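Would you mind keeping the following structure in view while I ask a few things?
Values in this text are rule-based calculations from the coordinates and carry no lab data. The structure displayed is predicted, hence computed values, not measured ones. Don't worry about glycine lacking a Cβ; one is built from the backbone with ideal geometry, like all the others, and counts go over all protein chains shown.
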Amino acid sequence: MAKSEIVCGLDMGSSRVVCVIGTPDPEGHGMRILGGASVPCRGLKGGVVLNIHETARAVRAAVEKAEEQAHQMVHGVYLGIRGSHLSSFNNKGAYNIARTDKEITEEDVRAVIEIAKAIPISQDREILHVIPQSYGLDRTRGVPNPVGMEGSLLEVDVHIITASSGHLNNVSRAVAEAGFEVIEPVYSLLALGELLVSPEERELGSLLMDFGGHTVSLGIYSEGAIRYSKELAIGADFITRDLAIGLRTNMATAEKLKIEHGAAHPSLFPEDGEKEIVFKGVDGRSEQRVKPSSIMNILLPRVEQIFTVVGEEVQNSTFADLVVPGGVVLTGGGAVLRGIPQAAEQILNMPARQGLPHPDLVHAADTLMTPTFSTALGLVCYPSAKGFTLSATGPKRSDSRLVRRVKKWFEDLF
Ligand SMILES: Nc1ncnc2c1ncn2[C@@H]1O[C@H](COP(=O)(O)OP(=O)(O)OP(=O)(O)O)[C@@H](O)[C@H]1O
Ligand SMILES: [Mg+2]
């Protein structure tokens, strides 16, 4: 198998580095996942490197573990980028076709996108993505692809995502120190959107929420494209900290109690007959006892606060009305807590579902089809999937056999 047909996705989270290796399915049905590994890492918080050597160590360990499973060597990675150092906004561009033939070419499309991205940004930031949302031709809006059509005035609406150059360079340096090349930095939310939000949901209007440990990422999709994205410096580790403080225990015990006994909605507990849980206090020795309902009472206010902030962000985005039909698609480790979809539905007042990769898009062992692996899976699928949506302007657009084959499959599917 040619080297170019192996794709590696790397997701560097606040508690783990996750690596997935995949290859296009030989029958042309999406991506086949050959290996995946998740390694604890304390080197980053909310997408920002705090300890570069610890991060590099975890990256090396995660990639090597995934390589062993996949029986493949990795050279370059699609690197997930997230965190509140990212910001995004919408912009427009307009381009006059001065030629006599007036047929729109790919060069014209590139030119109008260049115009739309020509905005002043501060020296310490850089553009990560420019995603065309829709085109206009001679004042007719909503043209999905103007190439081959005739017109004098070509317009485009774009969604632009910028990142802090320093933070971007530090994650890339950690990957380089681990011995790998960054093929392309990819905003994690976009990779997740391709994987978890169906084309119908993207068309109808949906909210994607990646509920991480230290970051909540929000994406609003409508009419087939991303309209709004936001990185919030809040996350599920805050719930763990509340439990640690409330139960006077350490973070590791609080994490275990949250995962094994936590619930984020009152409907999940019977009124009586609760069995007490024994756990170790903050000293790691003394025995304490707690009822599951007491755990819920400690964590509920934080869950409510997080979803209230999410609701306010959506309202302030001016795209609130767009997301109601498709509702919210939840992912990230934070969304695994029992009762989170119910809490989301109640507080956001819209339908909620757990976002799981469609089995036709990725073929992976069940152990990898979980929210912990979703971003890395999305990154593996991203280079081929981005061709069939409007998000077709990654920094380096590859036209390899891999991309063409999977693109064709995606086109056939939808
Ligand atoms: N089974 C589970 N039940 C409840 N919570 C869980 C479960 N698994 C993971 N979590 C929580 O999910 C959070 C981590 O989520 P995730 O792995 O998406 O974040 P991350 O990528 O490490 O962080 P970030 O993306 O914010 O930098 C932690 O707070 C963890 O406690
Ligand atoms: Mg993550």
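Can you work out ³J(HN,Hα) from phi for every residue in the range 137-153, in order, using Karplus 6.51 cos²θ - 1.76 cosθ + 1.60 and θ = phi - 60°, giving whole Hz and x for Gly and Pro?
Along the range 137-153, the couplings run 10, 6, 6, 8, 8, x, 7, x, 8, x, 4, x, 8, 10, x, 9, 10 Hz.
Then there is this: Kirkwood Rh over alpha-carbon pairs of the chain, then Stokes-Einstein at 4 °C and 1.567 mPa s: what D in µm² s⁻¹, rounded to an integer?
Answer, rounded: 58 µm²/s.
At 222 nm, what value in deg cm²/dmol follows for the chain if DSSP H runs of at least 4 each add -39500 (n - 2.57) and the sum is divided by all its residues, to the nearest 500?
-11000 deg cm²/dmol
Using 0.36 nm per residue, how much length does the chain from R139 to H358 gain when fully extended, once their Cα-Cα distance is taken away?
75.1 nm
Also, quick follow-up: Work out from phi, with θ = phi - 60° and the Karplus expression 6.51 cos²θ - 1.76 cosθ + 1.60, the ³J(HN,Hα) of each residue of the range 244-257, listed in order in whole Hz, and give x for Gly and Pro.
4, 6, x, 9, 6, 9, 8, 4, 5, 5, 4, 4, 5, 5
Still on this model: Given H placed 1.01 Å from N in the peptide plane, which residues other than close sequence neighbours of Y228 have an amide H under 5 Å from its amide H?
For Y228, whose amide H was placed from the backbone, the distant partners under 5 Å are I220.
Right, here's the next one. Place a +1 charge on the Cβ of each Lys and Arg in the chain and a -1 charge on the Cβ of each Asp and Glu, then give the dipole magnitude about the Cα centre in debye, rounded to the nearest 20.
Details: 41 positive and 50 negative charges, 195 e Å.
Result for the chain is approximately 940 debye, rounded to the nearest 20.
Go ahead and run the numbers for FRET between A176 and I127, Cβ-Cβ distance against an R0 of 22 Å, rounding to 0.05.
Using R0 = 22 Å, I get an efficiency of 0.55.
So who's got an amide H within less than 5 Å of the one on G355, skipping anything under 5 residues away but keeping other chains? H placed 1.01 Å off N, in plane.
L330, T331
Still on this structure, please answer the following. Within the set K65/K280; K230/K256; K92/K230; K45/K291; K258/K280, which residue pairs have Cα atoms separated by over 24 Å?
Numbers: K65/K280 33 Å; K230/K256 29 Å; K92/K230 19 Å; K45/K291 31 Å; K258/K280 14 Å.
Over 24 Å Cα-Cα: K65/K280; K230/K256; K45/K291.
Ok, one more. With θ set to phi - 60° and the Karplus curve 6.51 cos²θ - 1.76 cosθ + 1.60, what are the ³J(HN,Hα) couplings of the range 337-350 in order, to the nearest whole Hz, using x for Gly and Pro?
The phi angles translate into 4, 4, x, 5, x, 5, 4, 4, 4, 5, 7, 8, 6, 7 Hz.
Placing +1 at every Lys and Arg Cβ and -1 at every Asp and Glu Cβ, with all other atoms neutral, what dipole size does the range 87-162 have around its Cα centre, in debye to the nearest 20?
Numbers: 8 positive and 12 negative charges, 50 e Å.
Once rounded to the nearest 20, the dipole reads 240 debye.
Which order do the peptides 327-334, 65-72, 293-300, 225-232 come out in when sorted by mean C-beta neighbours inside 10 angstrom, highest first?
327-334, 225-232, 293-300, 65-72
Let me ask something additional. Output the peptides 18-25, 171-178 sorted from most to least packed, where packing is the average of other Cβ atoms within 10 Å over each peptide's residues.
The peptides rank, most packed first, as 18-25, 171-178.
In debye, nearest 20: dipole of the range 18-64 around its Cα centre with unit charges on the Cβ of K, R (+) and D, E (-)?
Using Cβ point charges on Lys, Arg, Asp and Glu, the range 18-64 gives about 300 debye.
Then there is this: Could you order peptides 200-212, 31-43 by the average number of other Cβ atoms within 10 Å of their residues, highest first?
Sorting 200-212, 31-43 by mean packing, highest first, produces 200-212, 31-43.
Then there is this: Taking a quarter of the surface of the Cα convex hull of the range 210-262, what do you get in nm²?
4.4 nm²
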